[in-house]
1. When the residues of segment 141-175 are filtered to those that are crowded, with 18+ Cβ neighbours inside 10 Å and among the hydroxyl-bearing types (Ser, Thr, Tyr), which remaining residue is farthest from ALA265 (Cα to Cα)?
2. Does segment 176-199 hold any residues that are of a type in the set (A, V, I, L, M), loosely packed, with under 15 Cβ neighbours inside 10 Å and in contact with a helix residue (DSSP H, G or I) (Cβ under 9 Å, 6 or more places away or on another chain), and which are they?
3. Give the residue that is surrounded by the fewest Cβ atoms within 10 Å (Cβ to Cβ), with candidates limited to residues of segment 13-47 that are within 17 Å of the chain's Cα centre (by Cα) and among the β-branched types (Val, Ile, Thr).
4. Could you list all residues from segment 20-51 that are of a type in the set (S, T, N, Q), within 19 Å of ASP82 (Cβ to Cβ) and modelled with pLDDT of 90 or more?
5. Give me the residue from segment 71-104 that is part of a loop (DSSP other than H, G, I, E, B) and either in contact with a Cys (Cβ under 7 Å, 6 or more places away or on another chain) or among the aliphatic types (A, V, I, L, M) (or both) and, out of that set, modelled with the lowest pLDDT.
6. Restricting attention to segment 117-136, does a residue exist that is loosely packed, with under 11 Cβ neighbours inside 10 Å, farther than 26 Å from GLY226 by Cα and at pLDDT below 75?
7. Just to verify a result, which residue in segment 1-55, among those that are among the acidic types (Asp, Glu) and in contact with a Lys or Arg (Cβ under 8 Å, 6 or more places away or on another chain), is nearest to GLU157 (Cα to Cα)?
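The values are calculated or read from the model by the stated rules, or taken from the named source; none is laboratory data. As the structure is a prediction and not an experimental result, all values here were calculated from the model. No Cβ is skipped: glycine too gets one built from the backbone with ideal geometry, and neighbour counts run over all protein chains shown.
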Amino acid sequence: MPSNAKGPDISEWNNLGIKTLIDLRSKTELESDLTLNTNEVYSDFTSVKWSSIRSPREVDTKTKLDPERKSRKERHFVSLMDEKKYVLGTISKIEKRKLAKVAALSPGLMSKRVRKKAKSYFLTCINDGGLQMVNDLILVRGKKGIKYVLELMSDVERHPVAFYCTAGKDRTGVITAIVLKLIGVGDDEIVDDYSISADVYKEMDDEDAMVGALQQRDLRPEVFLGAPKEVMRETLEGFERWGGIEGYLDWIGFGEEDRGRLKKAISK
């Protein structure tokens, strides 16, 4: 993440000329980041906190008369997924039989033993579903945030754009895959690009690289520390539920004209 830049890295970072930063982390992740406001990295950026009820174009109406608008650097905080979204999404996937057991425990949820048992059902479902289920939850539960990010990227005046999360493979990976697939990059190339980081995370052995927004210490490292090809391949195949990438983007409200702007902005 940019906030981790030190010494020579900061000079290298400044040379990139990034104009728009998009931080996809949750509130919990941001609160635990002690370098969140590193002056050497972020001093030139104006912070914008995403709200699901306004688009980048609506944000722009407040600044369109600003003569420095074209040169302004922005840092957008877009909590694409938070703990609540993951929990609700996971509960929706738990077998009805197991869900009934959890519900039956609810009158006694104040008990430590009962809370531990209820949590185990949730963790079992997450561990069994793995990164593929996490990606599915992002596509569905994070759709408003995804649309916002794509709208930011559709504005040529905001380029160059950089976006990131904690691990750089789940939320960041999904949005990267959406953009690459939309502009016509082949599935094999997208899969290969995603899998480059697989060995890196295993070598780091860093639990933060598992699924940052969940902040769960009981996730299985062998499941969540990698970036296996089959995960991204299944994610790309999953767009067929909406009839393809265009169908998915229509579903989240990012229509044909929006897609045209995005393609044009990226090709500049």
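1. THR166
2. Here is the first cut: in segment 176-199, the ones of a type in the set (A, V, I, L, M) are 177-180, 182-183, 185, 190-191, 196, 198.
With the extra rule that they be loosely packed, with under 15 Cβ neighbours inside 10 Å, the set shrinks to 183, 185, 196.
The answer is ILE183, VAL185.
3. THR28
4. Here is the first cut: in segment 20-51, the residues of a type in the set (S, T, N, Q) are 20, 26, 28, 32, 35, 37-39, 43, 46-47, 51.
Retained after the next criterion (residues that are within 19 Å of ASP82 (Cβ to Cβ)): 26, 28, 32, 47, 51.
Matches in segment 20-51: SER47 only.
5. Taking segment 71-104 first, the residues part of a loop (DSSP other than H, G, I, E, B) are 72, 78-82, 92-95.
From what's left, either in contact with a Cys (Cβ under 7 Å, 6 or more places away or on another chain) or among the aliphatic types (A, V, I, L, M) (or both): 78, 80-81, 93-94.
Working: VAL78: 95, LEU80: 89, MET81: 87, LYS93: 70, ILE94: 64.
Looking at residues that are part of a loop (DSSP other than H, G, I, E, B) and either in contact with a Cys (Cβ under 7 Å, 6 or more places away or on another chain) or among the aliphatic types (A, V, I, L, M) (or both), I get ILE94.
6. Taking segment 117-136 first, the residues loosely packed, with under 11 Cβ neighbours inside 10 Å are none.
Looking for residues that are loosely packed, with under 11 Cβ neighbours inside 10 Å, farther than 26 Å from GLY226 by Cα and at pLDDT below 75, one finds none in segment 117-136, hence no.
7. Here is the first cut: in segment 1-55, the ones among the acidic types (Asp, Glu) are 9, 12, 23, 29, 31, 33, 40, 44.
Retained after the next criterion (residues that are in contact with a Lys or Arg (Cβ under 8 Å, 6 or more places away or on another chain)): 23, 33, 44.
Details: ASP23: 19, ASP33: 29, ASP44: 16 Å.
Applying the filter and picking the extreme gives ASP44.
Let's see how each residue does on (1) at pLDDT 95 or above; (2) surrounded by 16 or more Cβ atoms within 10 Å (Cβ to Cβ):
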position	(1), (2)
GLU240	yes, no
GLY244	yes, no
ILE252	yes, yes
GLU256	yes, no
LYS268	no, no
